[in-house]
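Since the structure comes first, as structure tokens, the remarks are kept for the end.
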Amino acid sequence: MKYLLTTIVIISSSFCSYYAIGDTVIASHQNEAFDVCYGEYPNNQLSLSHFNGKISIFGLSTTWWPTTCTFSLEALIDTLGNDNRINIFESLDDLNQPYSCTQWGDLGQEGIPIIAETNNQFYEWFSIHGYRGVPVVLDHNMVFRYIGYDPGVNGVLDIVNQILTEIGLMGDLDSDGIINIQDIILTVNLVLSSEYNSLADLNLDSNVDVLDIIQILNIILN
């Protein structure tokens with residue numbers, strides 16, 4: 001298990017990341033593909049664009065940074081549970097200095113996808129003040145919402161819960177605070193047009209289909 005110690009950080013007063021809190025990740029960065037070198041992921045490459053409509057949480061790690069000073073994504077998963085609205089992975093750069101991707105993963109992030117960095121891309125995009133070993137949160141609209149220096153998970157959990165509140169009540173597509181026949185009609189329209197809305201994806205399978213319509217109907221009947 002790896003933990004973030006706020007007493008050991010690299011701070012560069014001259015460092016300025018590409019993105020500031022509140023910025024939206026540009027399309028070219030969302031579409032950039034990175035090799036998955038460890039963990040469970042359906043593809044050999046990962047892009048931020050895979051997670052549009054969902055919350056993304058990832059660690060900014062490097063193999064020479066002390067493992068005891070790196071935020072524990074594993075502990076975060078233990079707290080959040082299995083929520084398909086949230087995607088968690090780790091960005092790892094400077095491979096083999098001294099750890100390989102597999103060695104790093106086996107140290108405490110078992111099962112969590114790790115992308116192999118060759119040019120410190122995520123670090124340069126998101127690491128405000130040059131911090132290493134910290135978590136970053138992007139919301140469902142690919143807006144940079146958080147970078148954490150807290151040794152616990154509370155900071156990440158607070159922003160994730162805030163974003164989930166902003167996303168709204170699952171099934172309430174017209175945002176009127178009530179799940180009713182109008183929401184079924186809107187969901188049917190999504191299915192017919194092959195469009196996606198995270199509020200309509202009640203079974204959290206990244207697809208809006210007849211199964212979601214049935215779940216909304218069950219909510220109304222119950």
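Quick look at the numbers
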item: Residue in region 59-88 that is most open to solvent (accessible area, probe 1.4 Å), counting only those that are over 23 Å from Leu199 (Cα atoms) and of a type in the set (A, V, I, L, M, F, W, C); result: Trp64
item: Tally of residues being without any contact (Cβ under 8 Å) to a residue 60 or more places away in the chain and of a type in the set (Val, Ile, Thr) across region 115-142; result: 1
item: Subset of region 61-75 (residues that are in contact with a Lys or Arg (Cβ under 6 Å, 6 or more places away or on another chain) and hydroxyl-bearing (Ser, Thr, Tyr)); result: Thr62, Thr67, Thr70, Ser72
item: Candidate set: region 196-210, residues that are assigned to a helix (DSSP H, G or I) and in contact with an Asp or Glu (Cβ under 8 Å, 6 or more places away or on another chain); chosen: the one farthest from Val137 (Cα to Cα); result: Ala200
item: Meets criteria (touching a strand residue (DSSP E or B) at 6+ places or on another chain (Cβ under 8 Å) and over 20 Å from Gln30 (Cβ atoms)) for Tyr123; result: no
item: Qualifying positions in region 98-112 - surrounded by fewer than 22 Cβ atoms within 10 Å (Cβ to Cβ) and part of a loop (DSSP other than H, G, I, E, B); result: Pro98, Tyr99, Ser100, Leu107, Gly108, Glu110, Gly111, Ile112
item: Any hit, region 54-72, residues being in a strand (DSSP E or B), within 16 Å of Gln103 (Cα to Cα) and not hydrophobic (A, V, I, L, M, F, W, C); result: yes
item: Residues satisfying the stated conditions in region 33-51, i.e. farther than 21 Å from Ile147 by Cα and either open to solvent by 70 Å² or more (accessible area, probe 1.4 Å) or touching a helix residue (DSSP H, G or I) at 6+ places or on another chain (Cβ under 7 Å) (or both); result: Asp35, Cys37, Tyr38, Gly39, Glu40, Pro42, Asn43, Asn44, Gln45
item: Selection from region 15-32 of residues that are part of a helix (DSSP H, G or I) and buried (at least 16 other Cβ atoms within 10 Å of the Cβ); result: His29, Gln30
item: Extreme residue, farthest from Asn141 (Cα to Cα), among residues of region 211-222 that are open to solvent by 50 Å² or more (accessible area, probe 1.4 Å) and either in contact (Cβ under 8 Å) with a residue 60 or more places away in the chain or in a helix (DSSP H, G or I) (or both); result: Leu221
item: Helices (runs of 4 or more DSSP H) (entirely within region 117-195) containing at least 2 residues that are open to solvent by less than 50 Å² (accessible area, probe 1.4 Å) and closer than 16 Å to Leu76 by Cα; result: 154-167
item: Residue identified as closer than 22 Å to Ile26 by Cβ and of a type in the set (Lys, Arg) among Arg132, Arg85, Arg145; result: Arg145
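The values are calculated or read from the model by the stated rules, or taken from the named source; none is laboratory data. Given the structure is predicted, the values throughout are model-derived calculations rather than measurements. A quick note on method: Cβ atoms are made from the backbone with ideal geometry, for glycine too, and the neighbour counts reach across all protein chains shown. SASA here: full protein model, heavy atoms, side chains in, ligands and nucleic acids out. Shrake-Rupley method; radii C 1.70, N 1.55, O 1.52, S 1.80 Å.
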